[in-house]
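The structure under discussion appears below in the form of structure tokens.
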Amino acid sequence: MVYLTLKLLHVVAVVMFLGNITTGVFWKKHADRTKDPRVILATMEGIIRSDRWFTGPGAVLILLFGLAAALHGHLPLMRTGWIFWSILLFIVSGAVFGMRLVPLQRGLAKVAREGVERGTFDWERYHALSRQWDAWGAIALLAPFGALVLMVLKPAIPGL
């Protein structure tokens, strides 16, 4: 029963994490279409706040409960391919998020804030940052979705 409880908590954390990053992409695209710096600023601030409340804690809980479930289930983490590659994909996502997306989100919010305060929005500058956010965001989103696929299908692939 302990293993199943840990697995359930792991899955709940995955839903919280993937749901938040997926809806963040949706709301950013929605705000960008308005080209209104007030809407974009509110959206970027909301995304940054929701990352603090859901993405970060979700990532910690995914690792905590996932590792605990694997250890309790006597699954060798590095030799079980679907676990090893899922962890690697999750690390890639986290690194991209921390090193690329967080600074880009702050930059996007800053450009929008300046547009609100000055009354003129530098759409070209915003759009250049936004294209980078889209590219890095795709990696940060697709990597954990890949991990989800591996965790569900458990393919017979080699680990270390």
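The values are calculated or read from the model by the stated rules, or taken from the named source; none is laboratory data. Computed from a prediction, not measured in an experiment: that's the story for all the values here. Reconstructed Cβ throughout: ideal geometry from the backbone, glycine too, with neighbour counts over all protein chains shown.
Annotations for the structure displayed:
- Failed item in (1) touching a residue at least 24 places away in the same chain (Cβ under 8 Å); (2) in contact with a helix residue (DSSP H, G or I) (Cβ under 9 Å, 6 or more places away or on another chain), with Asp122 passing the rest: (1)
- Test result for Asp134, more than 16 Å from the chain's Cα centre (by Cα) and either closer than 14 Å to Lys35 by Cβ or modelled with pLDDT of 95 or more (or both): no
- Among the residues of region 80-99, those that are crowded, with 20+ Cβ neighbours inside 10 Å and hydroxyl-bearing (Ser, Thr, Tyr) comprise Ser86, Ser93.
Residue by residue, here is whether (1) crowded, with 17+ Cβ neighbours inside 10 Å; (2) of a type in the set (Ser, Thr, Tyr); (3) in contact (Cβ under 8 Å) with a residue 40 or more places away in the chain; (4) touching a Phe, Trp or Tyr at 6+ places or on another chain (Cβ under 7 Å) holds:
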| position | (1), (2), (3), (4) |
| --- | --- |
| Arg33 | no, no, no, no |
| Thr43 | yes, yes, no, yes |
| Ile62 | yes, no, yes, yes |
| Leu67 | no, no, no, no |
| Ala70 | yes, no, no, no |
| Met78 | no, no, yes, yes |
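- Candidate set: region 15-26, residues that are surrounded by fewer than 21 Cβ atoms within 10 Å (Cβ to Cβ) and among the aliphatic types (A, V, I, L, M); chosen: the one nearest to Gly58 (Cα to Cα): Met16
- Residues that are surrounded by 14 or more Cβ atoms within 10 Å (Cβ to Cβ), over 24 Å from Val60 (Cβ atoms) and free of Cβ contacts under 8 Å to residues at least 60 places away in the same chain, drawn from region 128-157: Leu129, Gln132, Asp134
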